[in-house]
Amino acid sequence: MQTERVALITEAGNGLSSQWANILKNAGFKVVIAAKGISYTHLDDQNLKNIQLLKVDFTKTEEVVQLYA
């Protein structure tokens, strides 16, 4: 049985984090980006392919808990 590798990248609105997302995706990881505010909007405008984008406010415990649900 093969294990699925998942990478969670937080607040990836800057270019460097977005580049890491693509590197991890190309290495076979399922990539999830969690961001809020302008970072989320910027990433959403990029139409990311094969990368899941979630709107998460890390100052709210209930939203962080939902990442693991």
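Observations
- Estimated vicinal HN-Hα couplings, Hz - the stretch 21-34 in sequence order (Karplus 6.51, -1.76, 1.60; Gly, Pro = x): 4, 5, 4, 5, 4, 5, 8, x, 7, 7, 10, 10, 10, 10
- Entry note: the chain has Rg to Rh equal to 0.98, where both radii use alpha-carbon atoms and Rh is the Kirkwood radius.
- Under a model in which nothing but the beta-carbon of Lys, Arg (+1) and Asp, Glu (-1) is charged, the chain shows a dipole of about 220 debye around its Cα centre.
- Placed amide H near residue 34: partners under 5 Å, 5+ positions off or other chain: 9, 10, 11, 12, 54
- Options 53, 65, 3, ranked by Cα towards positive dipole end of the chain, top entry (Cβ charges): 3
- Karplus-based coupling profile of the stretch 2-11, in residue order and whole Hz: 8, 8, 7, 9, 10, 10, 9, 10, 9, 6, with θ = phi - 60° in 6.51 cos²θ - 1.76 cosθ + 1.60 and x standing for Gly or Pro.
- Sulfur and carbon atoms: percent of accessible area, the chain [1.4 Å]: 52
The values are calculated or read from the model by the stated rules, or taken from the named source; none is laboratory data. Given the structure is predicted, the values throughout are model-derived calculations rather than measurements. Quick reminder, even Gly has a Cβ in these numbers, built from the backbone with ideal geometry, and neighbours come from all protein chains shown. Ligands, DNA and RNA are stripped out before the accessible areas are found, and what is left, the full protein with its side chains, is counted by its heavy atoms. Shrake-Rupley method; radii C 1.70, N 1.55, O 1.52, S 1.80 Å.
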